[in-house]
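Undergrad: Let me give you the structure first, and then I'll get to my questions.
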Amino acid sequence: MYKNFRIGVTIPAYNEERLIKDTISGVPYFVDKIYFVDDGSTDGTYDVVRELSDERLVLIKHKLNHGVGNAIVSGWKIGINEVDILVVMAGDNQMDPDDLPTLLDPIVEGKIDFAKGNRFMKKYNLRMSKWRRFGTCLLTALTKIAVGYWHIGDPQNGYVAISTAALKKIGLENLQKGYIFENDLLLKAKIAGLRVMNVPVTIRYKIGERSKIKYPHFIINCSYYLLKIFCWRIWWQYFKKAPSM
């Protein structure tokens, strides 16, 4: 428990046999539940976690890989009725657990509903390729236009915390299931009137590490989706007649 709030961490993982133990071992003591979701891994990821003795662990296994968003939602569906705040930490040990209080404090203090980590707000050695930086900057600009949260940057960063009361306003069934999940979550938060804040976080990329996202393909698909949701948001906000997305 953190300052009288029950905290749950959802850890989506796909083929993270090498790093998943360190990820779970690093989750701070004040976290009440750890919702580990194996999203159809073909290596020994699930077996590694099954052998851990952490009593906080809740194990969820998908037979097939359905995408990171789907994995997160699987954990949230359980945690939404068990804890007060849900955090997402990827299974590749990139997200620094020391940043958890930074994400949690604004929610605990009642200032916001949703804390969004931003990798670029801290001065540290962020090992990110120029191509990846370009893609992130492009998607940040497009997401701001599409969603309407002009003060939120680094939308693709998945290190987030959100109150379960806020999640209940969004509804979990309609969220996108793949890598566009982060952008879609911001849209649904905007429509629900949630208070969102960027907070500085550290991402621990390894030298030579490559993202699992195929950026050229992702940027094209995500840009199309952002155009679509921009039109939908404008219609919904000003005409109140849009169908559910």
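The values are calculated or read from the model by the stated rules, or taken from the named source; none is laboratory data. No experiment lies behind these values; they were computed from the predicted model shown. Don't worry about glycine lacking a Cβ; one is built from the backbone with ideal geometry, like all the others, and counts go over all protein chains shown.
Undergrad: Check whether at least one residue in region 8-18 is crowded, with 16+ Cβ neighbours inside 10 Å, of a type in the set (Ser, Thr, Tyr) and within 19 Å of Ser163 (Cα to Cα), and report yes or no.
TA: Scanning region 8-18 turns up at least one residue that is crowded, with 16+ Cβ neighbours inside 10 Å, of a type in the set (Ser, Thr, Tyr) and within 19 Å of Ser163 (Cα to Cα).
Undergrad: Which of the helices (runs of 4 or more DSSP H) contained wholly in region 27-116 include at least 2 residues that are out of contact with any Lys or Arg (no Cβ under 7 Å at 6 or more places or on another chain) and farther than 19 Å from Gly158 by Cα?
TA: It comes to 45-50.
Undergrad: Moving on. Considering only residues that are among the acidic types (Asp, Glu) and within 17 Å of Val201 (Cβ to Cβ), which ones fall in region 75-99?
TA: Matches in region 75-99: Asp92, Asp96, Asp98, Asp99.
Undergrad: What tally of residues in region 135-154 results from selecting those that are assigned to a helix (DSSP H, G or I) and either under 28 Å from Arg6 (Cα atoms) or in contact with a helix residue (DSSP H, G or I) (Cβ under 7 Å, 6 or more places away or on another chain) (or both)?
TA: Here is the first cut: in region 135-154, the ones assigned to a helix (DSSP H, G or I) are 135-147.
Retained after the next criterion (residues that are either under 28 Å from Arg6 (Cα atoms) or in contact with a helix residue (DSSP H, G or I) (Cβ under 7 Å, 6 or more places away or on another chain) (or both)): 135, 138-139, 142-143, 145-147.
Matching residues across region 135-154 total 8.
Undergrad: If you scan region 1-22, which residues turn out to be over 20 Å from His66 (Cβ atoms), assigned to a helix (DSSP H, G or I) and in contact (Cβ under 8 Å) with a residue 60 or more places away in the chain?
TA: Answer for region 1-22, where residues must be over 20 Å from His66 (Cβ atoms), assigned to a helix (DSSP H, G or I) and in contact (Cβ under 8 Å) with a residue 60 or more places away in the chain: just Asp22.
Undergrad: Restricting to region 160-176, count the residues that are surrounded by fewer than 17 Cβ atoms within 10 Å (Cβ to Cβ) and not in a helix (DSSP H, G or I).
TA: Summing the residues that are surrounded by fewer than 17 Cβ atoms within 10 Å (Cβ to Cβ) and not in a helix (DSSP H, G or I) in region 160-176 gives 4.
Undergrad: Does region 110-124 contain at least one residue that is under 16 Å from Ile7 (Cα atoms), at pLDDT 95 or above and surrounded by fewer than 19 Cβ atoms within 10 Å (Cβ to Cβ)?
TA: Within region 110-124, one or more residues are under 16 Å from Ile7 (Cα atoms), at pLDDT 95 or above and surrounded by fewer than 19 Cβ atoms within 10 Å (Cβ to Cβ).
Undergrad: Could I ask something else about it? Can you tell me how many residues within region 60-102 are closer than 22 Å to Lys169 by Cα and over 12 Å from the mean Cα position of the chain (by Cα)?
TA: 10
Undergrad: Can you pull out every residue in region 17-39 that is under 17 Å from the mean Cα position of the chain (by Cα) and of a type in the set (Asp, Glu)?
TA: Correct list: Asp38, Asp39.
Undergrad: Name every residue in region 138-159 that is surrounded by fewer than 16 Cβ atoms within 10 Å (Cβ to Cβ) and closer than 18 Å to Asn221 by Cβ, in order of residue number.
TA: Answer for region 138-159, where residues must be surrounded by fewer than 16 Cβ atoms within 10 Å (Cβ to Cβ) and closer than 18 Å to Asn221 by Cβ: Leu138, Ala141, Ile145.
Undergrad: Here's something else I'd like to know. Output the number of residues of region 108-163 satisfying the condition of being in contact (Cβ under 8 Å) with a residue 24 or more places away in the chain, within 23 Å of Gln94 (Cα to Cα) and either in contact with a Cys (Cβ under 9 Å, 6 or more places away or on another chain) or not acidic (Asp, Glu) (or both).
TA: 29
Undergrad: Return yes or no: is Asn157 under 30 Å from Gly44 (Cβ atoms) and in a loop (DSSP other than H, G, I, E, B)? Full working, then the answer.
TA: Working: under 30 Å from Gly44 (Cβ atoms): yes; in a loop (DSSP other than H, G, I, E, B): yes.
In short, yes.
Undergrad: Shifting gears a bit: Please go through region 117-134 and give me each residue that is touching a Ser or Thr at 6+ places or on another chain (Cβ under 9 Å) and in a strand (DSSP E or B), ordered by number.
TA: Within region 117-134, Gly117 is the sole residue that qualifies.
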